[in-house]
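Everything on this sheet refers to the single structure shown next.
The values are calculated or read from the model by the stated rules, or taken from the named source; none is laboratory data. In this text the structure is predicted, and so the values were computed from the model without any measurement. All Cβ positions, even for glycine, are placed from backbone atoms using ideal geometry, and neighbour counts span all protein chains on display.
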Amino acid sequence: MTERVAVITGANTGIGYHTAAQLARRGYTVVMACRSRERADEARARLLAEVPGTQALVIRLDLAEPGSIQAFRREFDDRLGVLDLLINNAGIVGVPLTRNSVGHELQLATNYLGPFALTAALLPSFRPDTPTRIVNVGSLAHRVAALRLDDFNWERRRYEPFRAYARSKLAMLAFTLELSRRLRRRGSDITALCAHPGFAATEIGRYNRLTNPRNPVGRWINERLRARIATPQEASMPTVHAACAEDVRGGDYFGPGGWLEIGGPPAPAKLNPAARDEALARRLWELSQAMTGVRLLADDPPQ
Ligand SMILES: NC(=O)c1ccc[n+]([C@@H]2O[C@H](COP(=O)([O-])OP(=O)(O)OC[C@H]3O[C@@H](n4cnc5c(N)ncnc54)[C@H](OP(=O)(O)O)[C@@H]3O)[C@@H](O)[C@H]2O)c1
């Protein structure tokens, strides 16, 4: 049997950790692509204890830094070289205005431009002549966003942390649908699709004073929330479904199937119509290539 390899970004905690654990249980070799070596090593030890016999590797990746993405690709090529499943899970929410080393706003860099560049870097490594997948993690928040490409990098308008998060997730979903169309036109064996977790009490609130579980108010809020919303493991199920279910198609989008898609078993989820706008997605693609300096399936014939 061929060993199947999955790369999961942000696999050291929260939904990413539980996604990695579910894939390990299904026999995948899991590559934990994480920005903190120490946190990743601890998570790997936990994973090996929970799922004995797992093949799990840590490769350092800071999605917000273009140099780190290239270093990740080189190490991945040296250590594994072949990939069956990429899960772009890592994300940050609601950080104050911060920019990476090349001037990109940090939520945009982490939640969208980094995954765009990582997808481009890993595309040549997907196992040939075999069905393989890319699963991109979105958010319910994308439904209230607008894809403003005229100030995509928050240079002119007043920065609003939640709006920036929601927009980065809408970009992720529009990108995924366009990726799926481009892969399909090429007759690729790679299926690109997306999922969102609903709500779960993870460490995602750590950048906001009110929701940071490490301070007293945040702890109080998180304890109350934890009793009412999905566990990180439950919240990983839409991603795992997108990664593993047989009856999926490129461009599908899954989330929890319960009330308002907040929790429940995986089911098709509602997309912001802007994510289906093909002309907008092509402009987004051009802009993403220009901003990252990375070309991704760029030799498509003109539309
Ligand atoms: N929890 C929710 O209710 C919820 C709702 C909607 C969508 N989501 C989405 O679900 C995904 C997982 O979130 P979560 O709730 O599991 O959050 P989490 O507990 O905060 O985990 C986020 C993960 O992303 C990693 N990460 C952050 N910045 C990174 C970077 N620059 N490079 C590499 N890794 C980075 C974190 O690493 P460190 O531990 O080193 O910081 C961590 O492993 C995110 O995309 C999030 O937007 C979550």
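Consider Asn153 against the criteria (1) touching a His at 6+ places or on another chain (Cβ under 7 Å); (2) more than 16 Å from the ligand (Cβ to nearest atom); (3) farther than 24 Å from Phe72 by Cβ: it satisfies all of them except one. Which criterion is unmet?
(3)
Looking at Val95, is it modelled with pLDDT under 95 and more than 26 Å from Pro273 (Cα to Cα)?
yes
Assigned to a helix (DSSP H, G or I) and in contact (Cβ under 8 Å) with a residue 60 or more places away in the chain - does that describe any residue in region 82-97?
No, that holds for no residue.
Which residue pairs have Cβ atoms under 7 Å apart, sit 6 or more places apart or on different chains, and have a first residue in region 257-282 that is in a strand (DSSP E or B) and a second that is of a type in the set (A, V, I, L, M)?
Pro266/Met237
Among residues belonging to region 252-303 that are β-branched (Val, Ile, Thr) and within 17 Å of Asn136 (Cβ to Cβ), point out the one that is surrounded by the most Cβ atoms within 10 Å (Cβ to Cβ).
Thr292
Looking at Phe175 and the list (1) in a helix (DSSP H, G or I); (2) surrounded by fewer than 23 Cβ atoms within 10 Å (Cβ to Cβ), which single condition is not satisfied?
Unmet for Phe175, out of (1) in a helix (DSSP H, G or I); (2) surrounded by fewer than 23 Cβ atoms within 10 Å (Cβ to Cβ): (2).
Tally time: how many residues in region 247-303 are in contact with a Lys or Arg (Cβ under 7 Å, 6 or more places away or on another chain), modelled with pLDDT of 95 or more and polar (S, T, N, Q)?
2
Using the structure shown, decide if Arg74 is out of contact with any Asp or Glu (no Cβ under 8 Å at 6 or more places or on another chain), within 14 Å of the ligand (Cβ to nearest atom), assigned to a helix (DSSP H, G or I) and charged (D, E, K, R).
No; evaluated as a whole, the condition is false for this residue.
Look through Pro124, Pro128 and report the one residue that is of a type outside the set (Asp, Glu), loosely packed, with under 15 Cβ neighbours inside 10 Å and without any contact (Cβ under 8 Å) to a residue 24 or more places away in the chain.
Pro124
Being within 12 Å of the ligand (Cβ to nearest atom), of a type in the set (D, E, K, R) and farther than 20 Å from Leu297 by Cβ narrows it down to one of Glu203, Glu223, so name that one.
Checking each option against the conditions leaves just Glu203.
Please specify each residue of region 1-16 satisfying the condition of being near the ligand (Cβ under 9 Å from one of its atoms) and crowded, with 24+ Cβ neighbours inside 10 Å.
Selection gives Thr9, Gly10, Ala11, Asn12, Ile15, Gly16.
Inspect region 197-205 for any residue being among the aromatic types (Phe, Trp, Tyr), at pLDDT below 95 and not in a loop (DSSP other than H, G, I, E, B) and give the result as yes or no.
No.
Quick check on this structure: which one of Ala21, Ala33, Ala49 is assigned to a helix (DSSP H, G or I) and within 16 Å of the ligand (Cβ to nearest atom)?
Going through Ala21, Ala33, Ala49 in turn, the sole match is Ala21.
Report, by residue number, each residue of region 227-246 that is at pLDDT 95 or above, more than 10 Å from the ligand (Cβ to nearest atom) and either aliphatic (A, V, I, L, M) or in a loop (DSSP other than H, G, I, E, B) (or both).
Met237, Val240, Ala242, Ala243, Ala245, Glu246, listed by residue number.
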